[in-house]
1. Within the stretch 47-60, how many residues turn out to be surrounded by fewer than 18 Cβ atoms within 10 Å (Cβ to Cβ) and under 22 Å from ALA230 (Cα atoms)?
2. Tell me whether the stretch 283-290 contains one or more residues that are touching a residue at least 12 places away in the same chain (Cβ under 8 Å) and buried (at least 18 other Cβ atoms within 10 Å of the Cβ).
3. Being modelled with pLDDT under 90, outside any strand (DSSP E or B) and surrounded by 13 or more Cβ atoms within 10 Å (Cβ to Cβ) is the filter here, so list the residues in the stretch 16-32 that pass it.
4. Looking at PHE95, PHE116, PHE73, PHE105, which is the one that is farther than 30 Å from THR47 by Cβ and surrounded by 19 or more Cβ atoms within 10 Å (Cβ to Cβ)?
5. Identify the single condition in (1) of a type outside the set (Gly, Ala, Ser); (2) on the phi > 0 side of the Ramachandran plot; (3) surrounded by fewer than 19 Cβ atoms within 10 Å (Cβ to Cβ) that CYS44 does not satisfy, given that it satisfies every other one.
6. Considering each of PHE266, PHE216, PHE270, PHE187 in turn, give the residue that is of a type in the set (A, V, I, L, M, F, W, C), closer than 26 Å to HIS31 by Cα and modelled with pLDDT of 90 or more.
Amino acid sequence: MKAKLFSIPFSSESSFLYKKMERNCIDDPWHFHKEYELILVEKCTGTKFIGDSVSHFDAGDLTFIGSDIPHLFRNEKEYYLKAAKKRVEIIYIHFTRNFLGDLFFEVPEMKSVKKFLERPALAMNIDGGTREYVSLQLHKMSKQSPKQRLLTLLAILMNISASKDLKPLLSDGFVANNNGDSDKINFALEYIANKYTEEIYIQEVASKLNMSVASFSRYFRNYTRKTFSAYVTEIRIRHACKLLMENNYRISEICYMSGFENLSNFYRHFKRVMCTNPKDYRDNFLSNVL
């Protein structure tokens with residue numbers, strides 16, 4: 001069982017890929033690639049699925065994803081409506097471990113970068129001053145020549161490798177499992193992404209894939225390192241967090257808008273996932289932005 005293997009197209013003028021993407025929505029499937037990826041979300045919101053991690057993203061989100069780590073970025077539902085006037089703007093970089101030769105990162109000056117790239121289960125949120133610095137450099141690269149971009153990328157990697165603004169996304173001991181077909185997991189993740197605000201049962205998904213519940217449960221957990229119910233609950237909680245930050249709805253409304261059947265269930269799961277209650281989460285967020 002594996003995510004779809006992507007082949008990254010490189011230009012003959014550059015040793016790595018730098019690209020600015022503009023479109024109506026993100027539609028890449030659950031996938032992985034040998035290349036490392038640095039991705040800056042400039043405009044759009046949604047949920048990112050990286051290995052066994054599920055989290056919300058907004059404009060300004062900066063993520064580093066290691067080699068062979070399966071991932072999927074999915075926008076909010078309204079982005080996929082034909083009548084919607086939503087736009088996605090993303091800057092990303094792809095590069096291989098040896099894009100400057102097999103021995104480049106062995107030199108003393110690159111010791112910290114080498115150590116960073118060799119981290120197991122490498123997937124990081126980049127925050128704070130490091131995010132500000134890297135985002136600025138990524139914007140500058142749009143007007144640079146291939147030679148200038150290379151120097152900028154090295155500066156970015158050295159800055160990230162020495163940063164304390166990194167938040168690991170994957171659980172300890174995560175190992176990418178990319179040995180087989182990806183169609184079933186693509187369907188399951190897409191189905192959950194479209195239905196998580198409604199009643200959703202594992203029997204529904206298993207039936208649509210012509211699998212028994214037991215077989216699908218093993219299959220799903222093998223990919224996500226989570227049970228089906230825990231995975232759906234986590235997505236619902238992340239959606240609730242987004243609504244709490246918007247401060248446009250009562251907590252009781254957010255409970256049902258996020259797919260929960262009652263308030264007590266919502267509070268219990270929110271406390272377990274976020275280590276706080278919805279009211280305190282909202283109050284803490286508003287106190288830091290106002």
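The values are calculated or read from the model by the stated rules, or taken from the named source; none is laboratory data. If you're wondering where the values come from, they're calculated on a predicted model, not measured in any experiment. Neighbour counts are summed over all protein chains in view; Cβ atoms, including those assigned to glycine, are modelled from backbone coordinates with ideal geometry.
1. Our first condition is that a residue be surrounded by fewer than 18 Cβ atoms within 10 Å (Cβ to Cβ); within the stretch 47-60, this holds for 55, 58-60.
Then drop every residue that is not under 22 Å from ALA230 (Cα atoms), which leaves 55.
Total satisfying the criteria: 1.
2. Within the stretch 283-290 (the criterion being touching a residue at least 12 places away in the same chain (Cβ under 8 Å) and buried (at least 18 other Cβ atoms within 10 Å of the Cβ)), the answer is no, since none of the residues qualifies.
3. Those that are modelled with pLDDT under 90, outside any strand (DSSP E or B) and surrounded by 13 or more Cβ atoms within 10 Å (Cβ to Cβ): PRO29, TRP30.
4. Details: PHE95 fails: farther than 30 Å from THR47 by Cβ; PHE116 fails: farther than 30 Å from THR47 by Cβ; PHE73 fails: farther than 30 Å from THR47 by Cβ.
After ruling out the rest, the residue left standing is PHE105.
5. Failing condition for CYS44: (3).
6. So the residue among PHE266, PHE216, PHE270, PHE187 that is of a type in the set (A, V, I, L, M, F, W, C), closer than 26 Å to HIS31 by Cα and modelled with pLDDT of 90 or more is PHE216.
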